[in-house]
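Below: the structure, in structure tokens.
The values are calculated or read from the model by the stated rules, or taken from the named source; none is laboratory data. From a predicted model like this one, the values you see are computed outputs, not experimental measurements. Cβ placement follows ideal geometry from the backbone for every residue including glycine, while neighbour counts extend to all protein chains displayed.
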Amino acid sequence: MSRSSAGAETDPAAAATELANAAVAGDRRALARLLTAVENRTPLAEAALRLLYPKAGRAHLVGVTGPPGSGKSTLVAALIARVREAGRSVAVIAVDPSSPITGGALLGDRVRMQAYAGDRDVFIRSMASRGHAGGLASTSGAAAAVLDAAGFDLIFIETVGTGQSEVEVAAAADTTVVLEAPEMGDEVQAIKAGLLEVADLVVVNKGDRPGAGRTASQLRAMLVAVPRVGASGASDRPRPKRPDVLITTAATGEGVAELLAALDAHRSAGREGRTPAARLARAEAQVWAILADRLRESLHDADRRALSQETLDAVADHRLDPYAAADRLLESIAKGPG
Amino acid sequence: MTDRPIKVLIAKPGLDGHDRGAKVLARGLRDEGFEVVYTGLRQTPEMVATAALQEDVDVVGLSILSGAHMTLLPKICRLLREQGLDDVLVTAGGIIPDDDIPALKEAGIAEVFGPGTTIAEVADYLRGHARARDRV
């Protein structure tokens, strides 16, 4: 196998082209290495993403989120089996948390997904969150774009175990599935703002446990559309989604075919709209994230580092308010280098 | 960018009945700042090689207690090489007789860690021998 690492040192653009072309042509080793570059945010990764982005946009990106132990990995594994029966290819990005103390991580989602070793149309990649707090790694979206460009039909993005407010996956995916386990909370939990609001589908997993049916009916009762009496001109106000509630038992496969059918139905419904809202939200999230990175980098430019430091010192000493500080730095960036 | 975490696959090939030791090691390496992919019990050589390829790990650590190491470990090394993963550091631990170690090293196992090895020793070895992480 050719080793392009020597080229990477001299010319990232050429190495990026080589690696991106190989990944798109089906070279799984090249794909894996490209994902590493994306995770490490190297210049090669940026060059490759510029090439690959126009090729992405065909896959169905499905976010899977929910509390730790609710069965996300087991459910994804069960979905992989169904997707493969249908002859479609599938990739998984499985995110687990990095230690805020050591930077280390234990990535354990593959344990449930090891049955597909001989199948080249299944590609599973674990990612550590590396200090990012929204339930994903900061590079998960870019990794999904690479897998999309590499031609996978369906891409599951499995978040770290989430609580109530890690809603970032909704911007990264076309369809967001929120898992609940039976007896995890009462009706008040179901009407709190946050995770359940961004769900396109709510799944009560571990359906063989007592209380699954009751949990599902409580969720259904609480998540129904609230009638908008006399709401004139409010139709453009952002509204939380009104998800269907399904019951699965991922460990046995019960209800998984129905879930896949519901995912497909959500995907087709989204296609009928002109610009599906999820794709627009994703574009916004991606561009904002890059913009924020670029801003941060330009504040560390050699010619602006002194000004940045002086401004931060002034805020730290309460000589300057943080709003004026931000304005001053933005002005400096707008003036351009030098 | 050599300060990126080293990514390690910890796998248990073969039919061992428990994986407490492998889990303790996985957790210990996590605490040492490694990104550890853990794949669980009863892995075939093909599963280990596929996971190493897809995860693009720097190190494959194989834990084996069953006595099947002379069959399984060389096969894993061969599969890794066939997939172009010849720059991945492969180590083994568990119950492996000293007499078998030269043949395993010949087959591609870089180091064998026996009972009593501390996690700090393993971590130091991996930091010293894993491939450079600024390849791409």
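Residue-wise test of (1) within 12 Å of chain B (Cβ to nearest Cβ); (2) surrounded by fewer than 23 Cβ atoms within 10 Å (Cβ to Cβ).
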position: A:Arg110; (1), (2): yes, no
position: A:Gln114; (1), (2): yes, yes
position: A:Ala117; (1), (2): yes, yes
position: A:Phe123; (1), (2): yes, no
position: A:Met127; (1), (2): yes, no
position: A:His132; (1), (2): no, yes
position: A:Leu136; (1), (2): no, no
position: A:Ser140; (1), (2): no, no
position: A:Ala143; (1), (2): yes, no
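Do you know which residues across segment A:74-101 are over 15 Å from the mean Cα position of the chain (by Cα) and closer than 18 Å to B:Leu9 by Cα?
A:Ser98, A:Ser99
Please count how many residues of segment A:294-316 are part of a helix (DSSP H, G or I) and either hydrophobic (A, V, I, L, M, F, W, C) or assigned by TED's automatic domain parsing to the domain that holds A:Thr42 (or both). Walk me through how you get there before you give the answer.
Here is the first cut: in segment A:294-316, the residues part of a helix (DSSP H, G or I) are A:294-299, A:305-316.
Narrowing the set further to residues that are either hydrophobic (A, V, I, L, M, F, W, C) or assigned by TED's automatic domain parsing to the domain that holds A:Thr42 (or both) leaves A:295, A:299, A:306-307, A:312, A:314-316.
Qualifying residue count, segment A:294-316: 8.
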Would you be able to say whether some residue in segment A:178-197 is farther than 26 Å from A:Arg220 by Cα, of a type in the set (Asp, Glu) and in contact with a strand residue (DSSP E or B) (Cβ under 8 Å, 6 or more places away or on another chain)? no
Does A:Leu106 count as outside any helix (DSSP H, G or I), within 11 Å of chain B (Cβ to nearest Cβ) and touching a helix residue (DSSP H, G or I) at 6+ places or on another chain (Cβ under 7 Å)? yes
Which one of these does B:Thr39 not meet: (1) polar (S, T, N, Q); (2) surrounded by fewer than 17 Cβ atoms within 10 Å (Cβ to Cβ); (3) under 15 Å from the mean Cα position of the chain (by Cα)? (2)
Take B:Pro102 and tell me if it is at pLDDT 95 or above and not hydrophobic (A, V, I, L, M, F, W, C). yes
